[in-house]
Amino acid sequence: MGKRLSTYGPFIPVLALYVIIFLVGKGVQGMWQVMAMLTFYCALGQAFNIFLGMTGYVDFGYVAFLGVGTYGMALSITYLAHQGMTGPAVIIIGFLLALIFPALLSMAVGAVALRLRGAYFAIATIGVNEGFRYLIEGAKIWNGSEGMIFTSELNQVLGRDTASGLSTFWADVYLFIIAALAALVTLHFMRSRIGYALTALREDEDAAKVMGINVTKYKIIAFITSACFAGLVGGTSWALKTPYVFPPEVFEIHYTIEAIIIVLLGGAGTLMGPVIGALIYGLSKYYLSIILPGFQLLIFAPIIIVIIIAFPDGVMGVVKQRLRGTSLARFIE
Amino acid sequence: MSLLKLEKVTKRFGGLVAVNNVSLEISEGERLGIVGPNGSGKTTLFNLISGVHIPDEGRITFRGQDITRFPPYKRAPLGLGRTFQIPRPFASATVRENVAVGAMFGTLGKELSVNECLELADHYLDFMGLRAHADKQAGTLTPVEKKLLEIARALAMKPRLILMDEAMAGMHPKDIDKMVRLIQEVSDRENIAVVAMVEHIMRAVLGLAQRVVVLHQGAKLVDSSTKEALNDPRVVEVYLGHPPEE
Ligand SMILES: Nc1ncnc2c1ncn2[C@@H]1O[C@H](COP(=O)(O)OP(=O)(O)O)[C@@H](O)[C@H]1O
Ligand SMILES: [Mg+2]
């Protein structure tokens, strides 16, 4: 029991935060959309943290994985509806494609780019996202720049009521589940040799190699895992919730930037960091846009830069440091 | 059969020959000192053995296996451990986690669970006198503690051979004596060969090494018992910079 608790104990407060966000959204009038937005940021941060946080490598093309996940779901619904298939199986196949597409893309990108060192990797990935977007638009893949609208297909597959329930409620619930799963996988990594290998290579890649760690292998594991969760987030939030997809929207680099900010604010490589980062980022962005519409970025950007410079380990980095050696430490990662 | 064998190994950096046609054998459990002034090629030699560099010429065999072109991560699980000239702990991880990483990816890596690795880590932290610091972040240790940590981490790999790069540089004589004693003890008990390299022949190496190799401008100048090396006029020349009297 004690062992189990120290293994999975840190998942409890993270799950508690997700439940609180859910209950506030459900219970407080007019808060559902705000909470849904926060959940998207939580899931995005939790997914990106597995790569960015645990390896210390920055992937500026990360949003591409959300993009191809979105296409996976969109293609499944559109194609299968045209085949006359209906029912939840279509959505399940959609989720599978939303996993397989980013898995394939991350394998291809990772096999080449993850042999590069941090800074070179970061530069290489800038090109991936833009390149993929222009490939889709230029070669007219998946309807090219016209994108795909599949509202009627979704209605046909699930029925009008279920489809609208999906957009307004269930897609967000799935996002909670995806975020929680990503947290669970993160914790599992932390407790297994994968996590130890990733910490070692993040701190000193050459020393890690000499200690017997196949650094490329572990970077690729983290990269693919992180990409798959990104695909699920895309397929859920950008396809099921809003049944259309346009290349400029799903390959928009500012989502990558937001994901980086969330992970760094909350504490890169920590379990609870992405949730805390998402709450700070999401809530301040939302309320600033109400208080000072149009000016939020002007105020927001410098504040974020100051916080990240003042607390390079993020909020949870500081908290973990403070709790070290206390009885609470086993509940915090 | 020798544990580690280097045959005519050469490494160049541009026009500079950092390691020049060096042949060397080390047997199981043997303790060897590699001595040579700054720039004589000691670190490069270590990098060739641990796989950080690949030699331009020559062959390296470890436990009967040709490892000349193995990447570093394939050499460590065969039983090759090393410490760095400037300690390189995984700073944000705890001291215990640092040592556990050694256990996880060393020779027993595949057989031990994560928890067993953490227990093994505690064992070697006890041995090196670092147990009290087990839960600290490794980056917060003092320089001497970091050196001890590196040795604990290498020991947890359950290696057959440990390469120690300037392990005792910059340490207080009292700490050096303690470290030499610990290394000797564990090397005898676990039959671990040790290659310690140092800039100067000093008491520490003499106490530790049974044999000494002197490097000079990348080439092997002397390979003899510690006592003979001390009286070798060529060694005096390397350090004092003038030819020994004929
Ligand atoms: N990575 C490298 N690139 C170029 N030159 C190097 C490199 N590493 C070492 N050298 C050169 O090789 C020679 C031997 O260096 P080194 O092996 O560090 O000697 P030592 O450890 O005995 O002080 C020196 O002249 C050094 O400048
Ligand atoms: Mg050196």
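Readers should treat all values here as calculations from the given coordinates under stated rules, not as data from a laboratory. The structure presented is a predicted model; accordingly, all values stated were derived computationally and were not measured. Reconstructed Cβ throughout: ideal geometry from the backbone, glycine too, with neighbour counts over all protein chains shown.
List of remarks:
- Checking A:His254 against (1) surrounded by fewer than 22 Cβ atoms within 10 Å (Cβ to Cβ); (2) not in a helix (DSSP H, G or I), the condition it does not meet: (2)
- Residue count for the range B:16-34 satisfying the condition of being over 15 Å from the mean Cα position of the chain (by Cα) and either part of a helix (DSSP H, G or I) or touching a residue at least 60 places away in the same chain (Cβ under 8 Å) (or both): 7.
- Identification of helices (runs of 4 or more DSSP H) wholly contained in the range A:183-251 with 3 or more residues that are among the β-branched types (Val, Ile, Thr) and either crowded, with 24+ Cβ neighbours inside 10 Å or within 14 Å of chain B (Cβ to nearest Cβ) (or both) yields A:215-233.
- Unique residue being over 18 Å from the mean Cα position of the chain (by Cα), part of a helix (DSSP H, G or I) and at the interface with another protein chain (Cβ under 7 Å from one of its Cβ atoms) when the list is B:Ala76, B:Ala91, B:Ala100: B:Ala100
- The requirement of being within 16 Å of ligand 2 (Cβ to nearest atom), within 27 Å of A:Glu205 (Cα to Cα) and not polar (S, T, N, Q) is fulfilled somewhere in the range B:53-72, by at least one residue.
- Residues of the range B:159-178 classified as at negative phi, part of a loop (DSSP other than H, G, I, E, B) and either touching a residue at least 40 places away in the same chain (Cβ under 8 Å) or within 16 Å of ligand 1 (Cβ to nearest atom) (or both), total: 5
- Scanning the range B:35-52 for residues that are within 16 Å of ligand 2 (Cβ to nearest atom) and assigned to a loop (DSSP other than H, G, I, E, B) gives B:Gly36, B:Pro37, B:Asn38, B:Gly39, B:Ser40, B:Gly41, B:Val52.
- Neighbours by Cβ (under 6 Å, 6+ apart or cross-chain): first from the range B:35-48, away from every other protein chain (no Cβ under 14 Å); second near ligand 2 (Cβ under 10 Å from one of its atoms) and part of a helix (DSSP H, G or I): B:Gly36/B:Lys42
- The lone exception for B:Arg82 - which of (1) within 16 Å of ligand 2 (Cβ to nearest atom); (2) outside any strand (DSSP E or B); (3) facing chain A (nearest Cβ under 10 Å); (4) closer than 20 Å to B:Lys147 by Cα it fails: (2)
- Matching option when the condition is within 12 Å of chain A (Cβ to nearest Cβ), over 15 Å from A:Ala197 (Cα atoms) and not small (Gly, Ala, Ser), among B:Lys174, B:Lys158: B:Lys158
- Of the listed requirements (1) closer than 17 Å to B:Ala169 by Cβ; (2) crowded, with 22+ Cβ neighbours inside 10 Å, B:Ile49 misses just one: (1).
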